[in-house]
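Participant: If you scroll down you'll find the structure; I have some questions about it.
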Amino acid sequence: MKKIIFLCFVCMHISFSSEFKKGHLFIDSQTQNFLNRWVEKIYKVAKLSNPKVFVMIHPELNAFADPLGNIVIHSETIIQSESLEQLLGILCHEIGHIAGHHHVRLQNQMRSMAGPMAVATAIGALAAALSGRGDALAAGIAAGMTVSERSFLSYMQGEEKSADAAAVSYCKKLGIPLNGIIDFFKKIQSKTFASDPYLNTHPIVEDRIAFFNQTSFINNKISPTDSDEFQVIRAKLIGVLKDKDVSSLPKNMSSVKNFYRLYRLKKYQDILDQGKKLSHNDPYITEFLGDVSFKMGNIDQTLDFYSKARDKIKSVWLDLSYAHALSESKISKNYEKALNIVKVVVQKHPDLGLGWRIKARLHSLLSQQDELSLSMAEYGASISDYKLVQTHAKRATKSHNQRIRMRAEELLQDIKPK
C-alpha cells in the first residue's frame with residue numbers, strides 16, 4: 001500500500017506512523033490511480049503525453065512541475081484542498097507550465113548549477129540503489145531544488161501568468177469550476193509569505209484571484225463519485241499524517257477507518273492479524289498486508305496478498321511490488337514471471353526508473369549480462385544520469401544480440417552534446 005523509502009531495514013516494532021517522513025513519496029495505489037486518471041485528462045486537453053505525478057510528504061502548501069517535467073504535489077496541498085475542484089485547479093496550473101515548456105528553462109538552469117543538484121541527485125540515486133526504490137531519486141531531485149536558491153529556480157512572472165491562462169483553458173474544456181482555484185488562492189492569501197523569496201517571482205495573489213474571477217464560468221462536470229473518492233483520499237492522508245480521530249467519519253469512509261486502525265498498531269504481526277479480518281472486501285488493505293509481509297521477510301505470504309490485490313487493482317506500483325517480491329523468492333520460474341510483468345511496465349512507462357532497476361536485477365538473477373547492461377543504461381536515461389548511461393550502454397554495444405547493440409548505440413547517441 002505505502003511504498004516508503006528505506007535506507008536500511010526498519011525495526012519490526014516501529015509503528016507505521018513513524019515511517020511517513022518529510023521528503024518521502026507517498027505511493028498508494030488508490031491515490032496514485034485517482035491522480036493519474038485526472039492528470040491524464042488534463043494532459044489530453046493540453047495536448048501532452050506521458051504524465052508523471054507524485055505525492056510528496058511535506059507540511060507546506062505547494063505543488064510544482066520540476067525541471068524533469070514531473071508533477072510533485074505536497075501532501076499538505078491535498079489535505080488543505082477542501083474540494084476536488086481546488087486540487088484540479090492547481091494541477092491545471094502546473095500542467096500549464098509543462099505545456100509552456102517552462103520546465104525546460106529550469107532544466108537548463110539546473111545544469112548550470114551542477115554542484116548542489118549533482119550532490120542531491122547522487123544522494124537520491126544512492127538511496128534508490130540501497131532500497132531498491134525509485135521514489136528516493138525523485139526525493140533527491142526535490143531536495144536539490146531546496147539546496148539551490150529556490151528564487152533562482154522558480155518560474156518567472158510571465159510564465160506564471162501563462163500557466164494561469166492555460167489553467168483556465170483546461171478547466172473550461174473539462175468542466176472544472178474555477179471557484180476551486182480561486183478558493184485555494186484565497187487560502188494562500190491568508191498565510192504569511194512575506195519573507196519567502198519564492199513569491200518574489202510570482203504575480204501578486206490578489207491579481208491572480210481577480211484574473212480567475214474575470215474568467216470564471218458555470219460548467220461543473222465533476223461527478224459526485226469522483227468528489228467522494230477525493231474526500232476518501234484526503235481523509236486517508238489526514239488520518240495517517242495528522243493522526244486525527246476518525247470515529248466521526250461518515251459510513252462511506254469505513255475503509256479509511258480500517259486503515260487508521262491498522263496504522264496505529266505497533267507490531268507488524270498485529271497489523272497482519274487485524275488486517276486479515278478487514279481485507280475481504282478491500283483490495284487496498286490486501287495490498288497493504290502484502291507490503292507488511294514483505295517487510296517481515298515472508299515472501300510466500302507477500303506473493304499471496306499481492307496476487308489477490310492484483311485481481312482487483314490495476315496499478316503500476318502494485319505490479320512492480322509484485323515483481324520485486326517474485327525476484328526475492330529464490331525460485332527461477334518466478335524470475336521469468338516477474339520479468340514478463342516488468343517488461344510490460346517499462347514498455348508503457350519508459351521513464352519509470354524503478355521498473356528498469358527491477359528489470360536489471362532480474363536479468364542479473366537469470367545471468368543475462370547483456371540485458372542487464374542495457375537495462376541499467378535505460379535506468380540511467382530515465383533519471384538523466386548520463387554517466388550511468390555511458391558506462392552500461394558501452395558494455396551493451398559488445399553484445400552478440402543485434403537488438404541490444406542497436407538500442408545501446410541509440411542511447412549513446414542520445415546523450416551526445418547537440
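The values are calculated or read from the model by the stated rules, or taken from the named source; none is laboratory data. Note that the structure is predicted; figures quoted are calculated from it, not measured. Please note: Cβ atoms are built from the backbone with ideal geometry, for glycine as well, and neighbour counts cover all protein chains shown.
Participant: Would you confirm whether any residue within segment 359-370 is touching a residue at least 40 places away in the same chain (Cβ under 8 Å) and more than 30 Å from Arg405 (Cβ to Cβ)?
Facilitator: No, that holds for no residue.
Participant: Restricted to segment 355-399, and to residues that are surrounded by fewer than 23 Cβ atoms within 10 Å (Cβ to Cβ) and of a type in the set (D, E, K, R), which residue is farthest from Lys52 (Cα to Cα)?
Facilitator: Lys398
Participant: Return the pair list, or none, for Cβ contacts closer than 9 Å from residues in segment 217-242 that are touching a residue at least 60 places away in the same chain (Cβ under 8 Å) to residues that are in a loop (DSSP other than H, G, I, E, B) and of a type in the set (Lys, Arg), at least 6 apart or on different chains.
Facilitator: If the second residue must be in a loop (DSSP other than H, G, I, E, B) and of a type in the set (Lys, Arg), the pairs left are Ile238/Lys244; Val240/Lys2.
Participant: Just the residues that are at pLDDT below 70 and closer than 16 Å to Ile90 by Cβ, please, taken from segment 200-222.
Facilitator: Across segment 200-222, the qualifying residues are His202, Pro203, Val205.
Participant: Of all residues in segment 400-414 being surrounded by fewer than 17 Cβ atoms within 10 Å (Cβ to Cβ) and in contact (Cβ under 8 Å) with a residue 24 or more places away in the chain, which is farthest from Ser373 (Cα to Cα)?
Facilitator: Asp414
Participant: In addition: Scan (1) more than 20 Å from the chain's Cα centre (by Cα); (2) at pLDDT 90 or above; (3) assigned to a helix (DSSP H, G or I); (4) not aliphatic (A, V, I, L, M) for the single condition Phe259 breaks and write down its number.
Facilitator: Among (1) more than 20 Å from the chain's Cα centre (by Cα); (2) at pLDDT 90 or above; (3) assigned to a helix (DSSP H, G or I); (4) not aliphatic (A, V, I, L, M), the lone unmet condition for Phe259 is (2).
Participant: Taking segment 352-406, which residues are outside any helix (DSSP H, G or I) and within 30 Å of Asn36 (Cβ to Cβ)? So that I can check it myself, show each step before the final result.
Facilitator: As a first pass, look at segment 352-406 and keep what is outside any helix (DSSP H, G or I): 352, 366-368, 383-385, 397-401.
The answer is Leu352, Ile383, Ser384, Asp385.
Participant: Does any residue of segment 336-351 turn out to be outside any helix (DSSP H, G or I) and either crowded, with 19+ Cβ neighbours inside 10 Å or without any contact (Cβ under 8 Å) to a residue 24 or more places away in the chain (or both)?
Facilitator: Among the residues of segment 336-351, not one is outside any helix (DSSP H, G or I) and either crowded, with 19+ Cβ neighbours inside 10 Å or without any contact (Cβ under 8 Å) to a residue 24 or more places away in the chain (or both), which makes the answer no.
Participant: Does Glu76 satisfy being charged (D, E, K, R), surrounded by fewer than 21 Cβ atoms within 10 Å (Cβ to Cβ), over 25 Å from Arg208 (Cα atoms) and under 16 Å from the mean Cα position of the chain (by Cα)? First the steps, then the outcome.
Facilitator: Numbers: charged (D, E, K, R): yes; surrounded by fewer than 21 Cβ atoms within 10 Å (Cβ to Cβ): yes; over 25 Å from Arg208 (Cα atoms): no; under 16 Å from the mean Cα position of the chain (by Cα): yes.
For Glu76, the condition - charged (D, E, K, R), surrounded by fewer than 21 Cβ atoms within 10 Å (Cβ to Cβ), over 25 Å from Arg208 (Cα atoms) and under 16 Å from the mean Cα position of the chain (by Cα) - is not met.
Participant: Every residue in segment 320-334 that is surrounded by fewer than 20 Cβ atoms within 10 Å (Cβ to Cβ), of a type outside the set (S, T, N, Q) and either in a helix (DSSP H, G or I) or outside the structural domain of Arg357 (by TED's automatic domain parsing) (or both), please. Give the derivation first.
Facilitator: Taking segment 320-334 and keeping what is surrounded by fewer than 20 Cβ atoms within 10 Å (Cβ to Cβ), we get 328-334.
Next cut, of a type outside the set (S, T, N, Q) only: 328, 330-331, 333.
The answer is Lys333, and nothing else.
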